[in-house]
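Report on the structure given below.
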Amino acid sequence: MKRVVVGLSGGVDSSVAAYLLQEQGYEVIGLFMKNWHDDSVTISNECPWLEDSNDALLVAEKLGIPFQTVDLSEQYKERIVDYMFNEYEKGRTPNPDVLCNREIKFDVFMKIALSLGADYVATGHYCRKATIEKDGKEVYQLLAGVDSNKDQSYFLCQLSQEQLSKALFPIGELTKPQVREIAAKIELATAEKKDSQGLCFIGKVRLPEFLQQQLQPKEGLIYEVNADMDTYKAEKPQFTSVKEQLAHEAKNIDYKPEMAKLVGKHQGAHYYTIGQRKGLNVGGTKEPLFIIATDTETNTIYTGQGHNHPGLFRKALFIQGSEVHWIREDLALKDGETMDVMVRIRYRQPLQKATLHQFEDGMYISFEQPQSAITEGQFAAWYIGEELVGSGVIS
């Protein structure tokens with residue numbers, strides 16, 4: 001019997017994952033990851049991780065599997081939280097969930113599982129794994145979940161072949177309603193439990209409040225940029241190379257106060273992100289204001305009216321060479337090569353037609369249609385069909 005350690009989070013997905021593995025004849029062990037217990041930043045009096053770990057324990061008891069809690073809060077603070085603050089201070093918007101999978105669940109946690117003699121680590125992610133043979137060796141594929149509504153492959157876009165080789169995703173072939181149905185049928189305590197929203201494993205912490213407790217507020221100005229501004233209408237220059245054109249299309253406009261009108265004040269540019277609409281508290285505009293740029297050096301926010309404002313759209317993005325990651329290393333591009341793929345620049349975004357252009361210093365992704373709110377620090381993930389083959393941090 002192969003031994004599998006399941007990351008039981010106290011939610012319905014990981015509970016059903018554990019049950020399915022048991023049904024398939026694996027020896028299953030449940031581990032709950034405690035990743036945060038700084039009560040000063042948990043919003044409201046709920047103690048979410050306690051509640052979650054109790055639910056995980058109830059599920060383990062029901063299934064008759066061994067269960068324990070591991071405290072990873074030190075590594076979580078170091079690898080996820082500190083990184084997040086660092087990124088926000090630079091005016092970038094990190095994705096803690098992608099990092100949590102790469103750094104915690106499939107690294108720190110996986111090492112603990114393997115030390116317990118596990119052959120695999122399983123999670124309740126809506127995605128699938130497949131194996132193909134290439135040049136005589138096994139290659140692992142990360143595939144989208146069958147439930148297109150819940151597909152979570154994007155959150156695993158930074159995994160390596162080694163991490164995938166030891167991973168199992170038991171619910172990837174199911175839809176969310178099917179998962180709930182199974183949980184109800186075998187009377188799991190988590191059958192009706194709502195999906196958790198909040199930072200991966202920190203529990204019910206809302207990001208803005210969390211940031212405010214760590215990054216000091218600093219009053220700055222909000223400007224509105226007119227959609228008819230000349231910069232948006234400028235003639236395209238003549239390019240001498242494809243790379244030069246891509247660099248032009250990926251470049252952010254360098255906004256200055258004199259290009260815009262003053263419309264309000266904010267409490268710190270590092271709390272805001274491109275494309276954000278809520279939380280500006282500026283009224284009196286015909287259409288809602290969207291953030292088109294933030295400047296953390298001058299602590300300034302630039303906005304535009306309406307979700308079709310030209311300042312929101314770009315046709316290309318750049319990923320630094322060191323940030324380009326291939327799950328399928330055998331498909332990695334060499335300098336000067338291109339590849340047609342489908343790309344997603346945030347979770348839940350429908351896949352977009354695009355072309356990867358690899359150069360010595362990094363990769364450009366050029367889109368068929370201009371994309372709204374391309375955000376530094378977020379991950380772009382590229383797919384061929386239903387397979388996620390690589391990803392990188394937008395720079």
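Residue count for segment 228-250, restricted to those that are touching a residue at least 12 places away in the same chain (Cβ under 8 Å) and closer than 14 Å to Gly311 by Cα: 5.
Only one residue in Glu323, Glu329, Glu337 is without any contact (Cβ under 8 Å) to a residue 40 or more places away in the chain, of a type outside the set (A, V, I, L, M, F, W, C) and more than 26 Å from His266 (Cβ to Cβ), so which one is that?
On the way: Glu323 fails: without any contact (Cβ under 8 Å) to a residue 40 or more places away in the chain; Glu329 fails: without any contact (Cβ under 8 Å) to a residue 40 or more places away in the chain.
Step by step, each of Glu323, Glu329, Glu337 is checked, and only Glu337 is without any contact (Cβ under 8 Å) to a residue 40 or more places away in the chain, of a type outside the set (A, V, I, L, M, F, W, C) and more than 26 Å from His266 (Cβ to Cβ).
Of all residues in segment 63-91, those that are within 27 Å of Val16 (Cα to Cα) have Cβ atoms under 6 Å from Cβ atoms of residues that are of a type in the set (Lys, Arg) and not in a helix (DSSP H, G or I), 6 or more apart or on another chain, in Thr69/Lys34; Asp71/Lys34.
Where helices (runs of 4 or more DSSP H) fall wholly inside segment 52-115, the ranges with 3 or more residues that are on the phi < 0 side of the Ramachandran plot and of a type in the set (Asp, Glu) are 82-89. In segment 264-284, of all residues being surrounded by 16 or more Cβ atoms within 10 Å (Cβ to Cβ) and touching a Pro at 6+ places or on another chain (Cβ under 8 Å), the one that is farthest from Asn86 (Cα to Cα) corresponds to Gln267.
Being modelled with pLDDT of 85 or more, over 30 Å from Thr273 (Cα atoms) and in contact with a strand residue (DSSP E or B) (Cβ under 9 Å, 6 or more places away or on another chain) is a description that does not apply to Phe106. Within the option set Leu114, Leu156, Leu164, Leu142, being farther than 23 Å from Phe379 by Cα, touching a residue at least 40 places away in the same chain (Cβ under 8 Å) and in contact with a Lys or Arg (Cβ under 9 Å, 6 or more places away or on another chain) holds for one residue only, Leu114. Of all residues in segment 250-267, those that are more than 24 Å from Ala234 (Cα to Cα) and charged (D, E, K, R) total 1. From the list Gln216, Gln212, Gln276, the one residue that fits, being within 23 Å of the chain's Cα centre (by Cα), modelled with pLDDT under 90 and on the phi < 0 side of the Ramachandran plot, is Gln212. Looking across segment 5-35 at every residue that is modelled with pLDDT of 95 or more and hydroxyl-bearing (Ser, Thr, Tyr), the one that is surrounded by the most Cβ atoms within 10 Å (Cβ to Cβ) is identified as Ser15. Could you tell me whether segment 243-260 includes any residue that is more than 27 Å from the chain's Cα centre (by Cα), at pLDDT 95 or above and among the basic types (Lys, Arg)? Within segment 243-260, one or more residues are more than 27 Å from the chain's Cα centre (by Cα), at pLDDT 95 or above and among the basic types (Lys, Arg). Against the conditions (1) over 14 Å from the mean Cα position of the chain (by Cα); (2) more than 29 Å from Asn308 (Cα to Cα), Pro350 satisfies every one except (2). Residue-level check: of (1) modelled with pLDDT of 95 or more; (2) in a loop (DSSP other than H, G, I, E, B), Val263 misses just (2). When Met363 is tested against the conditions (1) under 30 Å from Gly172 (Cβ atoms); (2) under 16 Å from the mean Cα position of the chain (by Cα), the lone failure is (2). Residues of segment 358-380 that are closer than 18 Å to Arg277 by Cβ and polar (S, T, N, Q): Gln371, Ser372, Thr375, Gln378.
The values are calculated or read from the model by the stated rules, or taken from the named source; none is laboratory data. Everything quoted here is computed from the prediction, not taken from an experiment. We place every Cβ from the backbone using ideal geometry, glycine too, and count neighbours over all the protein chains shown.
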